[in-house]
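Reviewing the structure listed below.
No lab work stands behind these numbers, since they all come straight from the coordinates. Here the structure is a predicted model, which is why all the values come from computation and not from measurement. FYI the Cβ positions are ideal-geometry reconstructions off the backbone, even for glycines, and counts take in every protein chain you see.
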Amino acid sequence: MIVIPGDMLEGGGQIVRTSIALSSLTSKEVQIDKIRDNRPNPGLQPQHVRAVETAAALSDAVTEGAVQGSRDLMFKPRSRIGGSFAFDVGTAGSVPLILQAVMPCTAFAPNPVELHLTGGTDVRWSPTIDYVRLVLLPILLIMGYTATLTVHRRGHYPKGGGKVAFKVDPPRKLSAIKLLERGKAVSLEGVSHCVKLPSHVAQRQAFAATKKLQSAGFEPKIAVETYPPGQDPHFAPGSGITLLLKSSSGSIIGADAIGERGKPAELVGEEAAGKLLSEIESNSPVDCHCGDMLIPYMAVAEGHSEILVSKITKHTMTNIKVTEMIAGVRFDVQGDLDQPGKIGVEGIGLTT
């Protein structure tokens, strides 16, 4: 059994998600102690519990401590399983974060996997569902990971209720990835949405983002997603915007922002644009959030992977530490915390 300190480095829920993802992949039993010990609401929260339950279903795992508030979790996978599964977070807990915990395992399932998830699609402290769909999945496609993500209904705080279908045709082997140069900008795109709100909210978000990006020399194409009164199936009002820059190297960097009560739509659009411009200024082909998410895939891929990220965050270093403990690899990290840096690893070449 591998014991993972749940309070090390960043000390948040990412340790749980990465641990169960890699446990499912490597068939190694893990014990996570002191889960989120330093958080105001320590222990597992509903979205963490659903992530554990989903990963357990996909790996026929035995678990102990998979209940809300638990600070200790045992996860023992027995075999990878394909098929169709449905899970409801029960709150506005983040669907993208649940996907983070289970997507790596689906790459090595014995047959196709279909997940139907209900919860929050666009919530604070989480990538948006559009970021997963438009940034993460296309980058993973470079490694041979083929998946489709369909958003049937968006879910915002506090009611959630978003419905997502995620389908994977398992490649059963991942190729190494090398993204060290961004190359020439090909397009700057985005999606601005609002639900249970006047359509001008999404339009103002898009206009503000466009104006800020144009001042930096870009001509973005931002789609606006709204719903007419009486045809809006969502449970709670909310809005958000996701932006992405595609480059000739195959690089895609993204940024997003979520609307909140009392937060002007213009500020939401400007916030997302500002984040993307900061990523662009780093001249790196991988944004700081995608850099975090790629770590487990790089570890199990075949061959040597190298990426240049816009910022080496505490999240990044936490993911690397957990991955090294479970997968038995050693990452080469060149760069300082909160600065651009290069991350490389020789993958274990996992196959089914």
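Rounded to the nearest 20 debye, what is the charge dipole size of the chain about its Cα centre when +1 sits on each Lys and Arg Cβ and -1 on each Asp and Glu Cβ? Each step should come with its number before you reach the end.
On the way: 36 positive and 35 negative charges, 98 e Å.
The calculated dipole for the chain is roughly 460 debye.
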key: Value of relative contact order over the chain, rounded to a whole percent, pairs C-alpha under 8 Å and six or more apart   = 15
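How many percent of the alpha carbon pairs in the chain exceed a separation of 32 Å?
Details: 16747 of 61776 pairs.
For the chain, the fraction of Cα-Cα distances above 32 Å is 27 percent.
Only bridges with both residues in the stretch 181-281 count here: give the DSSP antiparallel percent, nearest 5.
On the way: 17 of 22 bridges.
Within the stretch 181-281, antiparallel bridges account for around 75 percent of the total.
Give me Rg over Rh for the stretch 181-281, both radii from the alpha carbons and Rh done the Kirkwood way, two decimal places. Present the calculation step by step, with values, prior to reporting the outcome.
Details: Rg = 14.0 Å, Rh = 13.7 Å.
Computed over Cα atoms, the ratio is 1.02.
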ask   = Just how large is the dipole of the stretch 181-281 about the Cα centre, in debye to the nearest 20, putting +1 at every Lys and Arg Cβ and -1 at every Asp and Glu Cβ?
value = 100
note = Interchain or sequence-distant (5+) residues whose placed amide H lies within less than 5 Å of the amide H of Glu29 are Ile2
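Using the crude model of +1 on Lys and Arg Cβ and -1 on Asp and Glu Cβ, and no other charge, please compute the dipole size for the stretch 122-205 relative to its Cα centre, in debye to 20. The partial results should precede the final answer.
Working: 14 positive and 5 negative charges, 43 e Å.
Using only the charged Cβ atoms, the result is roughly 200 debye.
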key: Value of [θ]222 nm, deg cm²/dmol, for the chain, DSSP H segments ≥ 4, -39500 (n - 2.57) each, nearest 500   = -9500 deg cm²/dmol
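Rounded to whole Å and sorted largest first, what semi-axes of the equivalent ellipsoid does the C-alpha gyration tensor of the stretch 295-342 yield via the square root of 5 times each eigenvalue? It would help to have the intermediate numbers written out before the result.
On the way: eigenvalues 65, 31, 12 Å².
Its equivalent ellipsoid spans semi-axes of 18, 12, 8 Å.
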key: Rounded to whole Å, sorted largest first: equivalent-ellipsoid semi-axes of the stretch 10-86, Cα gyration tensor   = 21, 12, 10
ask   = Hey, what angle do you get for helix 314-327 against the long axis of the chain, alpha-carbon based, 0 to 90 degrees rounded to 10?
value = 30
ask   = Taking the Cα atoms only, what angle lies between the long axis of helix 265-281 and the longest principal axis of the chain, rounded to 10 degrees?
value = 60
ask   = Counting DSSP beta bridges with both partners in the chain, what percentage is antiparallel, nearest 5?
value = 70
inquiry  = Taking the Kirkwood radius as the inverse of the mean 1/r across Cα pairs, report the Rg/Rh of the stretch 40-135.
reply    = 0.96
remark   = When His156, His116, His315 are arranged by how many other beta-carbons sit within 10 Å of their Cβ, fewest first, they go His116, His315, His156
